[in-house]
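Worksheet: the structure to be examined is printed underneath.
The values are calculated or read from the model by the stated rules, or taken from the named source; none is laboratory data. Everything numeric here is computed off the predicted structure, so don't read it as measured data. For neighbour counting, all protein chains shown are included, and Cβ atoms are generated from backbone atoms with ideal geometry for every residue, glycine included. The protein model used for the area step is the full one, side chains on, heavy atoms only, and it has no ligands, DNA or RNA in it. Shrake-Rupley method; radii C 1.70, N 1.55, O 1.52, S 1.80 Å.
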Amino acid sequence: MIIPGKHRCVLFDVDGTIAETEAPAHLAAFNRAFADAALPWRWSRDDYRQLLKTTGGYERLLRHAALCGADVEDAGLRASLLQLHHAKNRHVASIMQSGAVLPRSGFRTLVMSLALNNIAWGVVTTTSRANWEALWEYSLAPLVIPEPAVVVCGEDVSAKKPDPEAYELALARLDLRAERCCAIEDSRNGMLAARLAGLAVAIVRSEFFRDEHVDEAQIVVDELNDLVPALLGHAGTIGADKTMSAGTRRAVLQPALR
Ligand code: XBP
Ligand code: MG
């Protein structure tokens, strides 16, 4: 359950939660890497929406290759796709450096409100550490916010979301029990990973997962700002004077998994 003021640390997912990275960064970078490699692959937003059901960019390339009839057990193919994934992430870094990816509205307000209430924040993501570091350097550090208390990325786990390993690792590194933390996610896979780790979960709707089934979440909102009252019990202190926008007042609070 999400009880205002109860949590010591709020764990943020990255892609779709801290920032809408999937279309402007990851999808654009995949298509640039395909062009560089003279591969006849081009993913549309609709293609990518389907492929996002597979977490992890490398795993997504394997999934696509399999859909194209390739033998994904072939070591040579796997090595080439790994190189392609690294090339894609280099494009992600240059896209982040160009300033094309901004944090979602309300991110700074939420993190600063948490900090002023002695609540830390952390990062639990499936994405590669290089992508997180680029987002931090070019889009988040300039906000002059506290650094995250923990960062768990795709390389840190053997099984990606919806497996709970990433959240369990974050809790172990924080030396905190699940009841003293909660998670903010945007996808069903992410929500399941957090729930399976025993965490209460808030969902912030994102572009590619807007219609996903997330009934197991404790609260569902459209903007990060809308989580300040739920997490702090009051409007917070910094910049949170914006009332919930008319269309987003769909916060669903339900005591799941008591
Ligand atoms: C979402 C993902 C990531 C990104 C791509 O991560 O599934 O794989 O789409 O990043 P999050 P990589 O848990 O933050 O929502 O290519 O580095 O895997
Ligand atoms: Mg996400």
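Looking only at the stretch 27-37, filter to residues that are buried (at least 22 other Cβ atoms within 10 Å of the Cβ) and aliphatic (A, V, I, L, M); which one of those is nearest to ligand 1 (Cβ to nearest atom)?
Filtering first and then ranking leaves Ala29.
Would you check if there is a residue in the stretch 71-91 being among the acidic types (Asp, Glu) and surrounded by 16 or more Cβ atoms within 10 Å (Cβ to Cβ)?
no
Quick check, is Pro24 surrounded by 14 or more Cβ atoms within 10 Å (Cβ to Cβ) and over 30 Å from Asp175 (Cβ atoms)?
Answer is yes for this residue.
Does Leu192 count as open to solvent by 40 Å² or more (accessible area, probe 1.4 Å) and either away from ligand 2 (no atom under 15 Å from the Cβ) or out of contact with any Cys (no Cβ under 6 Å at 6 or more places or on another chain) (or both)?
Taking the combined requirement at face value, the residue satisfies it.
With respect to the numbered conditions (1) away from ligand 1 (no atom under 11 Å from the Cβ); (2) within 24 Å of the chain's Cα centre (by Cα); (3) open to solvent by 70 Å² or more (accessible area, probe 1.4 Å), which one is the sole condition not fulfilled by Lys53?
For Lys53, the exception is condition (1).
If Pro4 meets every condition in (1) in contact with a Pro (Cβ under 8 Å, 6 or more places away or on another chain); (2) within 16 Å of ligand 2 (Cβ to nearest atom); (3) open to solvent by 30 Å² or more (accessible area, probe 1.4 Å) apart from one, which number is that one?
The number of the failed condition is (2).
Select from the stretch 8-21 the residues that are buried (at least 22 other Cβ atoms within 10 Å of the Cβ) and in contact with an Asp or Glu (Cβ under 7 Å, 6 or more places away or on another chain) and list them in ascending order.
Residues satisfying the conditions are Asp13, Asp15, Gly16, Thr17, Thr21.
Got a sec? Which helices (runs of 4 or more DSSP H) wholly within the stretch 1-70 have at least 1 residues that are out of contact with any helix residue (DSSP H, G or I) (no Cβ under 7 Å at 6 or more places or on another chain), touching a residue at least 60 places away in the same chain (Cβ under 8 Å) and not aromatic (Phe, Trp, Tyr)?
45-51, 57-67
Among the candidates Ala217, Ala202, Ala183, which residue alone is surrounded by 17 or more Cβ atoms within 10 Å (Cβ to Cβ), more than 13 Å from ligand 1 (Cβ to nearest atom) and in a strand (DSSP E or B)?
So the residue among Ala217, Ala202, Ala183 that is surrounded by 17 or more Cβ atoms within 10 Å (Cβ to Cβ), more than 13 Å from ligand 1 (Cβ to nearest atom) and in a strand (DSSP E or B) is Ala202.
Is there any pair with a first residue in the stretch 206-221 that is of a type in the set (D, E, K, R) and a second that is in a loop (DSSP other than H, G, I, E, B) and surrounded by fewer than 19 Cβ atoms within 10 Å (Cβ to Cβ) whose Cβ atoms are under 7 Å apart and which are 6 or more apart or on different chains, and what are they?
If the second residue must be in a loop (DSSP other than H, G, I, E, B) and surrounded by fewer than 19 Cβ atoms within 10 Å (Cβ to Cβ), the pairs left are Glu207/Glu20; Glu216/Ala256.
When you look at Val228, is it open to solvent by less than 20 Å² (accessible area, probe 1.4 Å) and in a helix (DSSP H, G or I), yes or no?
Answer is yes for this residue.
Yes/no per residue for (1) more than 15 Å from ligand 2 (Cβ to nearest atom); (2) closer than 22 Å to Ile2 by Cα; (3) open to solvent by 20 Å² or more (accessible area, probe 1.4 Å):
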residue: Val101; (1), (2), (3): no, no, no
residue: Leu114; (1), (2), (3): yes, yes, no
residue: Trp121; (1), (2), (3): yes, yes, no
residue: Glu133; (1), (2), (3): yes, no, yes
residue: Tyr138; (1), (2), (3): yes, no, yes
residue: Pro142; (1), (2), (3): yes, no, yes
residue: Gly154; (1), (2), (3): no, no, no
residue: Pro162; (1), (2), (3): no, yes, yes
residue: Leu169; (1), (2), (3): yes, yes, yes
